[in-house]
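Since the structure comes first, as structure tokens, the remarks are kept for the end.
Taken together, the values in this text are just the output of simple stated rules run on the coordinates, not laboratory data. If you're wondering where the values come from, they're calculated on a predicted model, not measured in any experiment. Note that each Cβ is placed from the backbone with ideal geometry, even for glycine, and that neighbours are counted across all protein chains shown.
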Amino acid sequence: MSNDWPLYEVFIRSRSGLEHKHVGSLHAADAAMAVEHARDVYTRRQEGVSIWVMRSSDIVASDPTDADALFEPARDKVYRHPTFYAIPDEVKNL
Amino acid sequence: MSAASRSITPGPVQSAHCRYLLRLGDTSLVLGQRLAEWVGHSPALEEDLGLANLSLDLIGQARLLLSYAGELEGQGRDEDALAFLRDAPAFLNMTLAEQPNGDFGRTIVRQCLLDAWQLEVYAGLADSSDRRLASIAAKAIKETRYHFRFSSGWLVRLGDGTEESHRRVQEALNELWRFTTELFAADEVDDALAAAGVAPGLAELQPRWSARIDEVLQEATLVRPAPVPYQWHGKRGVHTEYLGHVLAEMQHLQRTYPGAQW
């Protein structure tokens, strides 16, 4: 049965205030069923307070063969990391 | 099966209060055990987990209710002794709960009918003069709301699905409908508990259950079967042939190795 069902990606928010995180995928006949399946498959151990689902086919992904062009140029630009700044003692939460 | 000619529930004398708890607890336990039979056999992995979740919720309800029943009985039997060491005539579950799973559609029909019943019972128990029972019901109703959402959602999908799925769930509904009369047939236990303010009157629950079921059936394009006179007596300990098979599997380990621990 599930072979006929489209694939959905599941995102769970673990606590209020945190972002939804991708946790996996599942099959369902439609979006409403996907939310229920996500509840049953991915929140059995109190993992979440909110669920998002989306059709896997709706994701537009980068091509692994483009990795060099996309990600290589960032490698030698260490100055983009915020680690070169001395943090003043007065700043508690950074 | 002739109910009147059979002796009812051998063993210790149990108060109406205790028997009422056994009816609720045994119904959850037997239904939970039935759903557990699906594990590894469901039409899809996702449904396998879904049915297992329902099963575990129901067994959790049974533990709370049977523990309490054991205390009221006062014979030193805990939830495990009641679940694993009683014979079929001592079980007081609704006859509908013990009916075989059949195909997925039939399981869903049975589930939806009982979920809607439990919803009304647990809602009615919120005002119970028995505060412990009220708190068990308050926990159980949250689970049951999801169960009903699951089962009614599937009933609509199957009823309003393909020609074959419609035919199968309509047949299951026609066959299982006769067991629903028992859910609302009050006897001296129900009357005593209602009079004491412990349990809701079954006559009040019936129209609400009926309306809830009608709504689902309509959306599912299913036809409500004609009412059938009350002739099933699971809650008095007189069961269909199926309960014995359920118990044989459920109790096998404790019967074979008494006192075995996990």
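I'd like the orientation of helix A:31-42 relative to chain A: the angle between its Cα long axis and the longest Cα principal axis, in ° from 0 to 90, rounded to 10.
Tilt relative to chain A: about 70 degrees.
Within 10 Å of each Cβ in A:29-37, how many Cβ atoms from other chains are there, averaged over the peptide?
Values: counts 3, 1, 0, 2, 7, 1, 0, 8, 6.
Mean shielding count: 3.
How high is the FRET efficiency from A:Gln46 to B:Trp262, r the C-beta distance, R0 22 Å, rounded to 0.05?
Working: r = 23 Å, r/R0 = 1.05.
It comes out at approximately 0.45.
Ranking A:His37, B:His166, A:His20 by Cβ neighbours within 10 Å, fewest first, what do you get? Don't jump to the answer; show the numbers that get you there.
Working: A:His37 26, B:His166 17, A:His20 14.
Neighbour counts put them in this order, fewest first: A:His20, B:His166, A:His37.
Taking neighbour counts of Cβ atoms within 10 Å as a proxy for exposure, in what order, fewest first, do B:Val228, A:Val35, B:Val246, B:Val13 appear?
Details: B:Val228 12, A:Val35 16, B:Val246 23, B:Val13 8.
The fewest-first ordering by Cβ neighbours comes to B:Val13, B:Val228, A:Val35, B:Val246.
For chain A, what is the calculated [θ] at 222 nm in deg cm²/dmol (nearest 500), taking -39500 (n - 2.57) for each run of four or more DSSP H residues and dividing by its residue count?
-5000 deg cm²/dmol
Is the shape of the range B:114-262 best called rounded, prolate or oblate, per the rule: a/c under 1.5 gives rounded, else a/b larger than b/c gives prolate, else oblate, with a ≥ b ≥ c the square roots of the Cα gyration tensor eigenvalues?
Details: a/c = 1.58, a/b = 1.17, b/c = 1.36.
Judged from the Cα gyration tensor, the range B:114-262 comes out oblate (a/c at least 1.5, b/c at or above a/b).
Mind checking which of A:Thr65, A:Thr43, A:Thr83 has the largest fluctuation in a GNM of chain A, springs on alpha carbons under 10 Å?
A:Thr83
Once label points are set 7 Å from the Cα along Cα→Cβ at both A:Asp30 and B:Ser210, what is their separation, rounded to one decimal in nm?
With each label placed 7 Å out from Cα toward Cβ, I get 3.1 nm.
Using a 10 Å cut-off on Cβ to Cβ distances, tally the other chain neighbours for every residue of B:150-159 and report the average as a whole number.
Working: counts 4, 0, 0, 3, 2, 0, 0, 4, 0, 0.
Partner Cβ neighbours, averaged per residue: 1.
Using the Karplus curve 6.51 cos²θ - 1.76 cosθ + 1.60 with θ = phi - 60°, what ³J(HN,Hα) values do you get for each residue of the range B:181-197, in whole Hz, with x for Gly and Pro?
Once θ is set to phi - 60°, the couplings for the range B:181-197 become 4, 4, 4, 10, 8, 6, 10, 5, 5, 4, 5, 5, 5, 5, 5, 7, x Hz.
With the Cα gyration tensor of the range A:2-81 giving a ≥ b ≥ c as the square roots of its eigenvalues, does the rule (a/c under 1.5 for rounded; else a/b larger than b/c for prolate; else oblate) give rounded, prolate or oblate?
On the way: a/c = 3.76, a/b = 1.62, b/c = 2.31.
Oblate, since a/c reaches 1.5 and b/c is not below a/b.
So if I take the centroid of the Cα atoms in the range B:98-149 and the same for the range A:30-94, what is the distance between those two points in Å?
Here the two parts' Cα centres lie 39 Å apart.
Can you figure out the FRET efficiency of A:Ile59 with B:Val13, using R₀ = 56 Å and their beta-carbon distance, to the nearest 0.05?
Working: r = 65 Å, r/R0 = 1.16.
The pair A:Ile59/B:Val13 has a calculated efficiency of 0.30.
How far is helix B:163-176 tilted off the main Cα axis of chain B, in degrees rounded to 10, range 0 to 90?
The angle comes out at about 30 degrees.
Neighbour counts of other C-beta atoms within 10 Å: give me B:Arg131, B:Arg255 arranged from fewest to most. Provide the component values of the computation, followed by the final result.
On the way: B:Arg131 8, B:Arg255 13.
Ranking B:Arg131, B:Arg255 by Cβ neighbours within 10 Å, fewest first, gives B:Arg131, B:Arg255.
Quick check: from the Cα gyration tensor, does the protein assembly as shown come out rounded (a/c under 1.5), prolate or oblate? Walk me through the intermediate numbers first.
Numbers: a/c = 2.39, a/b = 1.80, b/c = 1.32.
Since a/c reaches 1.5 and a/b is larger than b/c, the shape of the protein assembly as shown is classed as prolate.
Could you work out how far helix B:45-73 tilts from the main Cα principal axis of chain B, as a 0 to 90 degree angle to the nearest 10?
30 degrees
Go ahead and run the numbers for FRET between B:Val223 and B:Asn101, Cβ-Cβ distance against an R0 of 30 Å, rounding to 0.05. Intermediate values should be presented prior to the final figure.
On the way: r = 23 Å, r/R0 = 0.76.
Efficiency, rounded to the nearest 0.05: 0.85.
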